Every structure is written in structure tokens, then in C-alpha cells.
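Okay, structure first, notes after.
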Amino acid sequence: MLLAIIAASTFIVYSIIQLQTTPPSTIAVYGGHVREHNDELVMVRALGFSLNISLLWSDSLSLGPYSVLLQNLIPDNTTIASNNDISSTIEDSLVLRIEFIPNHHRVWINVSSDNDDSNLEFLVLGDSQGYQGGIQETTTALSSFSPDFLFHCGDLTPFGLDTQYSEVSGALDNSSVPVFTTAGNHDVRMDGGLRYKDWFGPSTYSFESNSAHFAILNTSKTTVSENEFQWLLDDLNTTSKNLKIVFTHIPSFDPRPGKNHTLPQKIANRLMTLFEQTGVDYVFSGHIHMFNKTIINGVTYIITGGAGMSLAAPEEIGGIHHFVHAKLQEDSLLIEPIQLNEPDIPRDTVEVKGIESSILLSLNDLKQLPYLEAFSSFQNQFGNWRGQGVYRGVKISDLIGLVGGMTVTDTLTARAYDGYSQSYCYYNVYPNGSWQELQGDMILAYQYNGTEIPEWDSGLRIVMLAPDGAYSNADCLATSAPGMGCNMYYSGGARWARYVARIEVTVD
């Protein structure tokens, strides 16, 4: 509140002017992402080590206090300049609050980090896909190094739900250094790309730190647009930094013999040519669940997709769970994979593994997907009926659809925590007319008679929702491929695998 005193010839008038907190009409940020804003505050997530913020008010008279909350930067290593009187407060290890009363129509604030050009060190990981253990192990390891930042190469989530972004954001919040990211193909599923942007900002951007320029390219949709090609070309050609480093999700080549889990060949070739022509030194990507370092025409390509999900290569050629430590030594980076522990999958979680990708789904993730609910039961090897009740779960076909589905010649195997396993053919997962009449839909049940796991101690469970509510041994025999099911062990109940930990598609 401002108290104004106006003198007159015969009396004094006391005029009280109420300062009103009014949001700016325009907020422009370069080098950061506006997470949210309201009448009193704008929250900005830094996307690098230099931020330019411009706040425009239509009327600067009688404006009240306003705050800018900066996230994802180290306050102790920050220089702030502004055309307005400001004050700053450190709220957390990576959060700085700037407060001021606007005395200009336009208030600008420039924030920069003071980095030593002679040092450069960072950690990179990718493809955690809902398994937060790898992220937590990596953030714990930060104290063993002196990194400037941590980078995640995408596939932070199983399929881009808001709850999944909340969980991975919470895990990354344990980092003691800034965290930068790009989206992966799993992150943009089910309109997850919009949610990714809400949480982390754009997937294509650039920043500079120490002696290096970093360009981040969005390949989450397995393509690169003409605008993105042009942006990347201009961005790499205009920097004066000695080192040029690119982060993206999908690699331009697959180092495994006979495999091609990459960008389309035409786009991959064009990108690799662009990297060579613009003098790129290093390209980091994820997507393939392994570690690999390959030099092609002077460009060093690093694949780091081992932060949690099932590995896509034997250990001897890079199939390890890991993150990457990169440190500048003279004029090049020393690249070292740091091995992580084998994932410890929680009891209420299932891994769904396709031919080339996999995801980890918690109970909460499963409950976000469309479900079926119906009464069913099975016949055991003695001909007795068991398991009578109402089951709720997700169709197996929907689950494996998240990792590429399966073909007629593929096999699906459900593996339990206790070592038990059952194999199923294509028509169990996608039943035709006659199999549908006998077996019904095949689901992964997480609820039985209204009780969810873990209180329901037989789930997660494979369940056949037979239309008549009774999956008999005869039904089982008629819906078992040669060498599977009741052809091997005459029991419909044996097909209802309990304690399922992994569902995996394999090529016969």
C-alpha cells in the first residue's frame, strides 16, 4: 500500500493508493519453458544455462509485487541482471525466486550461470520408461562426479500419461544438478507429447555450457520435419563453440548385426550427412536398450538406452543397464558407461516386452487403460472348477500393442515371479470367431471380486473371459496351439498364470 500526501493551502489530503498485483499481459522466455503463471507468479523451467525473460504490462501504475520462480538452475552459480529493482531468494538447491514491484511497462531479467570453459562434465541416460530405480541410482551417483548437468535421452514414461510424468519428474527432482531432456516415442503416445511439453518444455532446443554447444533434436515421432532440419542446420552453423554435441532419442544407425531399430533410412542418412558437414563431434541417443560407441566419418555416436528396461543385446556387445559419464579431456570427451544394478521390479508392476521395445507398467498405469470386467472360472487337471469370480483387467492385445504387437508366427510368454511360465499363440491374444466363443478375451487381471493387487494375492493374473463364464479343459484343448497349453498339460487353470511379472513377445 502506498500512502500519498498532497498539500493544499488550507488542508492536507491523505490519499491511499492500493497496489494491485496484476499479471503481465505478455510473457516471453528465451532459454526456458513457462510451467505455469498466475496473478502473482510465473514459474519457468530453465532449458540451459542462460535465460532471457521479458514481462510486459499494459499499465505500470500502481502495480503490486510480482515473482519469477526459476527452476532447474544452480542459484549459487547464477548472475542476474534487470532493468528493474529486484531481490532474489534461494528456495531450494535448484530453485531461485526473484521478486520485484514493476516500475516499467516492460521488465526484462537476464539470468546466466558462471561456468568454467576449461571444464565440461555431464551424465547421460535413456529409456527408463517408468522404472524410476535407474534414475534414482544415477542421481545418487552424482556425488561421485562433478557434472554440470544430467541429460535424459527420452522414453521417460511407458506411454505418456500425466501420472507417469509426475512420477518421473519426482525421481528427477532428486538430482543436485540441472536436468535436461528430450521426448522419446513412448512419451508421445496417447497424446503424451502435449503432456511432455507441459512438464519439460519443447523437445527441440539448444544451449551452451563451458566450451560446448548442445543441440537437442526431437525424433520422438520417428521422423524429422523440414523445419527441424533447417533449424538444426542453422543452429549448428551459428555457434562459435569448439565442441558441437547433439542429443536425440532415436539413433541414425543400429550397431547390432541384422537389426534396424532406427530412424527411417533416408532421414537417418540425411542427418548423418548434416552432422558431418556442420562439424558435429558427438551424437547421444537412446531407443536401443544397450550401450554402444561408434565413430563414423569423424562423428562419435553414443547409444545409451540402458536405464531400466529389458536389454536388447548380449552383454558382450553392450547389453548392460547403465548411464554414461562424459568428461572433457584436452579437446575430446572421455566416454564411460557406468553400470547400474539389475532392475528391482515391484510386485504390483508388469514388464511388457516386444520384439524391439519394452515398457514397465504399474498398477496405476494399468488402471488408466481401457478394461474389461466379467465373471469367469477355469477347470483344473482333476476336472474341478476353480477361480469363480468377477475379474477386471486389460486385454493382452492392448498391452502388447504398446510395444509393437505380435505377428501370427510369434509367441507370447507370461513369466511369473515364482519362475512359472506359460506360452500362448497369436490366436489366444487375438481370438478369431471360433476361439472367441470358447476362450473369450485374454486379459491381465489386476482385480478379483472388487479386490485389487496386492490385497488380491493371486494377481497379476492371466484370465480367459470365456463367454459362458467357464473355461473348461475341453475349451483349453481346442484353443491351444501344438506344443502349448492343454496339448502339454490338460488343465485350463494352468493357462491362468498367476503372479505375472513379464509378458514377452518372441519370434519363433
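For this structure, a couple of remarks:
- Meets criteria (in the same structural domain as residue 376 (by TED's automatic domain parsing), at pLDDT 95 or above, over 30 Å from the mean Cα position of the chain (by Cα) and over 23 Å from residue 369 (Cα atoms)) for residue 441: no
- Filter result (in a strand (DSSP E or B) and not aliphatic (A, V, I, L, M)) within the range 294-332: 294, 300, 301, 304, 322, 323, 325, 327, 329, 332
- Complete set of residues in the range 216-238 that are among the β-branched types (Val, Ile, Thr), in a loop (DSSP other than H, G, I, E, B) and out of contact with any Ser or Thr (no Cβ under 8 Å at 6 or more places or on another chain): 222, 223, 224
- Annotation note: Cβ proximity below 8 Å between a residue of the range 92-105 that is in the same structural domain as residue 24 (by TED's automatic domain parsing) and a residue that is aromatic (Phe, Trp, Tyr) (sequence gap 6+ or interchain) occurs for 99/66; 100/66; 101/66; 102/57; 102/66; 105/57.
- Taking the range 399-428 as the range and being more than 21 Å from residue 345 (Cα to Cα) and either outside the structural domain of residue 369 (by TED's automatic domain parsing) or not hydroxyl-bearing (Ser, Thr, Tyr) (or both) as the test, the residues that pass are 401, 404, 405, 406, 408, 410, 425, 428.
- Selection within the range 57-98 - surrounded by 15 or more Cβ atoms within 10 Å (Cβ to Cβ) and among the charged types (D, E, K, R): 97
- Residue among 417, 426, 446 that is buried (at least 21 other Cβ atoms within 10 Å of the Cβ) and in contact with a strand residue (DSSP E or B) (Cβ under 8 Å, 6 or more places away or on another chain): 446
- Qualifying residue in the range 67-74 (condition: outside the structural domain of residue 207 (by TED's automatic domain parsing), modelled with pLDDT under 90 and not in a strand (DSSP E or B)): no
- Within the range 89-135, the only residue that satisfies the criterion of being aromatic (Phe, Trp, Tyr) and not in a strand (DSSP E or B) is 131.
- Qualifying residue in the range 196-204 (condition: under 23 Å from residue 242 (Cα atoms) and either in a strand (DSSP E or B) or in contact (Cβ under 8 Å) with a residue 24 or more places away in the chain (or both)): yes
- Scoring residue 375 on the criteria (1) assigned to a strand (DSSP E or B); (2) not assigned by TED's automatic domain parsing to the domain that holds residue 462 leaves a single failure, condition (2).
- Hits in the range 336-379 - residues which are surrounded by fewer than 23 Cβ atoms within 10 Å (Cβ to Cβ), in contact with a strand residue (DSSP E or B) (Cβ under 6 Å, 6 or more places away or on another chain) and of a type in the set (Asp, Glu): 336, 373
- Matching entry among 344, 281, 331 (being among the acidic types (Asp, Glu) and farther than 22 Å from residue 243 by Cα): 344
- Members of the range 378-387 that are in a strand (DSSP E or B) and more than 15 Å from residue 461 (Cβ to Cβ): 379, 385
- Filter pass, residue 32 being surrounded by 17 or more Cβ atoms within 10 Å (Cβ to Cβ), small (Gly, Ala, Ser), in contact with a strand residue (DSSP E or B) (Cβ under 7 Å, 6 or more places away or on another chain) and not assigned by TED's automatic domain parsing to the domain that holds residue 213: yes
- Hey, residue 390 surrounded by fewer than 19 Cβ atoms within 10 Å (Cβ to Cβ), part of a strand (DSSP E or B) and modelled with pLDDT of 95 or more or not: yes
The values are calculated or read from the model by the stated rules, or taken from the named source; none is laboratory data. Values in this document were obtained by computation on a predicted structure and should not be read as measured data. Virtual Cβ from ideal backbone geometry, glycine too; neighbours counted across all protein chains shown.
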